[in-house]
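Engineer: Structure provided below as structure tokens; questions to follow.
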Amino acid sequence: MSEPVVYLVGAGPGDPGLITAKGLECIGKADVIVYDRLASPKLLAGARPDVEMVYVGKASDRHTMEQYQINKLLVEKAKEGKVVTRLKGGDPLIFGRGGEEALALAEEGIAFEFVPGISAGYACPAYAGIPVTHRGISSSVALVTGHEDPTKEDSDVAWDRLATGVGTIVFYMGVKNLPLIVEQLTKHGRPADTPVALIMWGCTGRQKTVTGTLVDIVDVAEAEHVKPPSLIVVGEVVSLRDRLSWWEKLPLFGQTIIVTRSRTQASDLVVTLEELGAAVVEFPTIKIVPPDSYQPLDEAIARLETYDWLIVTSANTVDYLWERLREAGKDARALGRLQVAAIGPATAAKLASIGIVADYIPKEYRAEGIIAGFEERGIAGKRYLLPRALQAREVLPDTLRERGAATVDVVPAYQTVPDQSSGGAIREMLAAKEASIVTFTSSSTVKNFVKLVGEDAPRLMNGAAAIAIGPVTAKTARELGLTVAAESSEYTIPGLVKTVLEYAGTQRGKELT
Ligand code: SAH
């Protein structure tokens, strides 16, 4: 049994990219992860598949678990010899009660480590374009709880000194007490025209920032329906936001996009959409699994020298083909005398990773365009091997045969099956109109989306725009009753991103007019 140890880790303020490298390491090596509400669910993706996850988050209206129970849980799990990672929003020691948890562990003689995180108090202002200190404007910053009733006699906050003694004051947990906070600051001499910003859901796709002064911020908060989790930033630095706002200006900021994809598909799309400012929710509608039998693929591998061309239509095929080649004791040299066609740049890149540079990469990815390139290279009498998904379209092999190919062997390399795990959550999101866009990258993602969300998917999609990677996917979507808002003319992930950007641009345009 290993030495018990508990890592008290800061998960950052919301954007999953704002966790430290050490924090991620602690997630990866944990036997048990004890986590809160504000930590992005995406952070948990790097955990071991057999990890035990315990949610102890506190919503402001109800407590899932009392603090003493959390302390007890950490002690118990550690005593079982487990590596425990306690994940908290922001920094564990800034209004995170990490100190209390550590004291409980210390009392039991259990080893612990603090892994600091980026606190919301300065990260959310940064994402709102507000530097909490700034040469010539503010040379000090205070992080203060706004949870405490500022009018109580023995307040822990020295309001008289805080009001004028610090350049920038950031209040956590202060929305409910905003009127009292404003009153105290004004009463103790902070000028009434001091700028104030309220940042709601900072560092997430839902971030909303409103500004005012000590005079009118209470009215602004009410008019703009400011709710927790929000920060209150008081000080002259707030006025820099006019020039320094950046995150809220990203082209996809404010869009919540559901990305339907297979679990193993490269997350290029997700990463790119996030970089453009979108809040992305992944909906793995399909998973890639081995074919029912490898026999046809294995037999084809055994007679590779009899083919002229190998046609690879997806990166997944490369994975499975490579695995079976290795299983047969072969490597890339076995493909040596074959011509190789890669359908799409991602497939070509994957082939390159096993040392194969494709001889033919069609510029257009529809079967018709692909055939034209084979025509140029001569189809008559040629022998083709086409390993691919079990349920794929027949156009390519049929056309090759029609044009005089000697043989076209289509062998299953993998199959896609519906992924049952997340349909319910997506249904709820759509019903609550929380998503603005749903992207579809293939006909099978559309079919599985409808299957997993339910028969009434078209009705639930009212309010969310379906965007398809190309005409075939769009057609499938229409056949299943979905309204397609846009489809890309270039059937690649960058093409799809371009279409999403154009669509978001027209929506922005509408808002402005
Ligand atoms: N340990 C955390 C703070 C926990 S206290 C940290 O270091 O960031 C919870 C309060 O933090 C909330 O009431 C809110 O005031 C603030 N907060 C946390 N995340 C936030 C976010 N993404 N946007 C705005 N405020 C946030």
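Engineer: Between Ala431 and His188, what is the spin-label point distance in nm, taking each point 7 Å from the Cα along the Cα→C-beta axis?
Structural biologist: 4.7 nm
Engineer: To continue, here is another question. If you rank Thr186, Thr483 by how much accessible surface each has, with a 1.4 Å probe, what is the order from largest down?
Structural biologist: Thr483, Thr186
Engineer: Would you calculate the separation in nanometres between label points at Asp298 and Ala352, each defined as 7 Å from the Cα along the Cα-to-beta-carbon direction?
Structural biologist: The modelled label-to-label distance comes out at 3.4 nm.
Engineer: Name the residue farthest towards the positive end of the dipole of the chain from the options Val395, Val259, Leu269, assuming +1 on Cβ of Lys and Arg, -1 on Cβ of Asp and Glu, about the Cα centre.
Structural biologist: Val395
Engineer: A further question on this structure: How about Lys350: which aspartates and glutamates have a C-alpha closer than 12 Å to its C-alpha, ignoring those fewer than 8 places off in the same chain?
Structural biologist: Answer for Lys350, where 12 Å is the Cα cut-off: Asp319, listed by chain and number.
Engineer: Give me the number: length gained by fully extending Arg48 to Lys29, i.e. 0.36 nm times residue separation minus the C-alpha to C-alpha distance, one decimal in nm.
Structural biologist: Length gained, Arg48 through Lys29: 6.1 nm.
Engineer: To the nearest 20 Debye, how big is the dipole of the range 66-191 about its Cα centre, given +1 on the beta carbon of each Lys and Arg and -1 on that of each Asp and Glu?
Structural biologist: That gives the range 66-191 a dipole magnitude of about 480 debye.
Engineer: How much accessible area does Val259 have with a 1.4 Å probe, in Å² rounded to the nearest 10?
Structural biologist: Approximately 0 Å² of Val259 is accessible to the 1.4 Å probe.
Engineer: Something else now. For the range 75-234, what proportion of DSSP beta bridges, expressed in % and rounded to the nearest 5, is antiparallel?
Structural biologist: About 75 percent, rounded to the nearest 5.
Engineer: Mind listing the phi-derived Karplus ³J(HN,Hα) values for the range 144-158, rounded to whole Hz, using 6.51, -1.76 and 1.60 with θ = phi - 60°, and x for any glycine or proline?
Structural biologist: 10, 7, x, 6, 6, 5, x, 8, 5, 3, 9, 3, 6, 8, 7
Engineer: Straight-line reach from Lys498: which aspartates and glutamates fall under 18 Å, measuring Cα to Cα and dropping same-chain residues less than 8 apart?
Structural biologist: Cα-Cα hits under 18 Å: Asp268, Glu274, Glu275, Glu364, Glu487, Glu490.
Engineer: Shifting gears a bit: How big is the charge dipole of the chain about its Cα centre, in debye rounded to the nearest 20, if each Lys and Arg gets +1 on its Cβ and each Asp and Glu gets -1 on its Cβ?
Structural biologist: Roughly 1060 debye for the chain.
Engineer: Another question, if that's okay. Using the Karplus curve 6.51 cos²θ - 1.76 cosθ + 1.60 with θ = phi - 60°, work out ³J(HN,Hα) for each residue of the range 202-215 in order, rounded to whole Hz, and write x for Gly and Pro.
Structural biologist: Using θ = phi - 60°, the values come out as x, 6, 10, x, 9, 3, 9, 10, 10, 10, x, 10, 4, 6 Hz.
Engineer: Hey, what number do you get for the chain at 222 nm if only DSSP H runs of n ≥ 4 count, each worth -39500 (n - 2.57), divided across all residues, to the nearest 500?
Structural biologist: For the chain, the value works out to -10000 deg cm²/dmol.
Engineer: Put Glu479, Glu101 in order of accessible area, largest first, 1.4 Å probe: what do you get?
Structural biologist: Reading off the accessible areas and sorting them downward yields Glu479, Glu101.
Engineer: Here's another thing I want to ask about it. For the chain, list the DSSP H helices whose alpha carbon atoms reach 20 Å or more along the long axis and whose average Kyte-Doolittle value is -0.5 or above?
Structural biologist: TM-like helix candidates: 493-512.
Engineer: Sort Phe112, Phe171 by heavy-atom solvent-accessible area, probe 1.4 angstrom, most to least.
Structural biologist: Phe112, Phe171
Engineer: Considering only Gly117, Gly17, Ala102, whose Cα is most displaced toward the positive end of the charge dipole of the range 5-118, charges sitting on Cβ of Lys, Arg (+1) and Asp, Glu (-1)?
Structural biologist: Ranked along the dipole, the leading option is Gly17.
Engineer: Quick check on the chain: of the DSSP beta bridges with both residues there, what percent are antiparallel, nearest 5%?
Structural biologist: 30 percent
Engineer: About the Cα centre of the range 290-415, what is the dipole size in debye to 20, counting +1 per Lys and Arg Cβ and -1 per Asp and Glu Cβ, all else neutral?
Structural biologist: In total the dipole reaches around 240 debye.
The values are calculated or read from the model by the stated rules, or taken from the named source; none is laboratory data. Here the structure is a predicted model, which is why all the values come from computation and not from measurement. Virtual Cβ from ideal backbone geometry, glycine too; neighbours counted across all protein chains shown. Side chains are part of the model used for accessible areas, which takes the heavy atoms of the whole protein and leaves out ligands, DNA and RNA. Shrake-Rupley method; radii C 1.70, N 1.55, O 1.52, S 1.80 Å.
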